[in-house]
Amino acid sequence: MAASGTVAPRRLVQYVVVRSDLVHTLAWPLGAVITQACHAAIAAIHLNYNDPDTQEYLAELDSMHKVVLQAVDQASLSSLSETLTEKGIAHKLWIEQPENVPTCLALKPYPKDIVHPLLHKFKLFK
């Protein structure tokens, strides 16, 4: 809690949303799914490298905060990507090649209070 009259530091978070059906229904190896999330997270950082929030996030290398959520299937992941695009939220939808399969998406780092309302229905990845 911030002392009276002071402002609490903003919490920058990078959200990653992964299709849980890849593991639970389609039997992808867990390592392959984790790799997809890594690809998306790095791509989102790269595409938004000069963004002030991204630079602030990277400056705190030892205290980066990521949250990995699950989308139940490709349709829910695609729908989320469309919503984020409509709201002007920078993200990268990772599409595995050569299969051309959307597997996950990652947002650029944002203050948690800005993007959490758009992601609240997604549960932590299990």
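Summary table
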item	result
Selection within the range 7-31 - without any contact (Cβ under 8 Å) to a residue 24 or more places away in the chain and farther than 18 Å from LEU124 by Cα	VAL7, ALA8, PRO9, LEU26, ALA27, TRP28, PRO29
Within the range 95-126, tally of residues that are part of a strand (DSSP E or B) and either open to solvent by 100 Å² or more (accessible area, probe 1.4 Å) or closer than 21 Å to PRO52 by Cβ (or both)	6
Single residue of VAL17, VAL33 found to be among the β-branched types (Val, Ile, Thr), closer than 20 Å to LYS112 by Cα, in contact with a helix residue (DSSP H, G or I) (Cβ under 7 Å, 6 or more places away or on another chain) and open to solvent by less than 50 Å² (accessible area, probe 1.4 Å)	VAL17
Filter pass, HIS39 being open to solvent by 20 Å² or more (accessible area, probe 1.4 Å), in contact (Cβ under 8 Å) with a residue 12 or more places away in the chain, under 16 Å from LEU119 (Cα atoms) and in contact with a Ser or Thr (Cβ under 9 Å, 6 or more places away or on another chain)	no
Residue satisfying condition, being open to solvent by 40 Å² or more (accessible area, probe 1.4 Å) and of a type in the set (Phe, Trp, Tyr), within set TYR49, TYR57	TYR49
Residue match in the range 47-62 (condition: in contact with a Ser or Thr (Cβ under 8 Å, 6 or more places away or on another chain) and not in a loop (DSSP other than H, G, I, E, B))	no
Test: residue in the range 76-93 that is in a loop (DSSP other than H, G, I, E, B), crowded, with 16+ Cβ neighbours inside 10 Å and not small (Gly, Ala, Ser)	yes
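The values are calculated or read from the model by the stated rules, or taken from the named source; none is laboratory data. What you are looking at is a predicted structure, and each value in this text was computed from that prediction instead of being measured. Note that we place each Cβ from the backbone using ideal geometry, even for glycine, and neighbour counts take in every protein chain shown. Side chains are part of the model used for accessible areas, which takes the heavy atoms of the whole protein and leaves out ligands, DNA and RNA. Shrake-Rupley method; radii C 1.70, N 1.55, O 1.52, S 1.80 Å.
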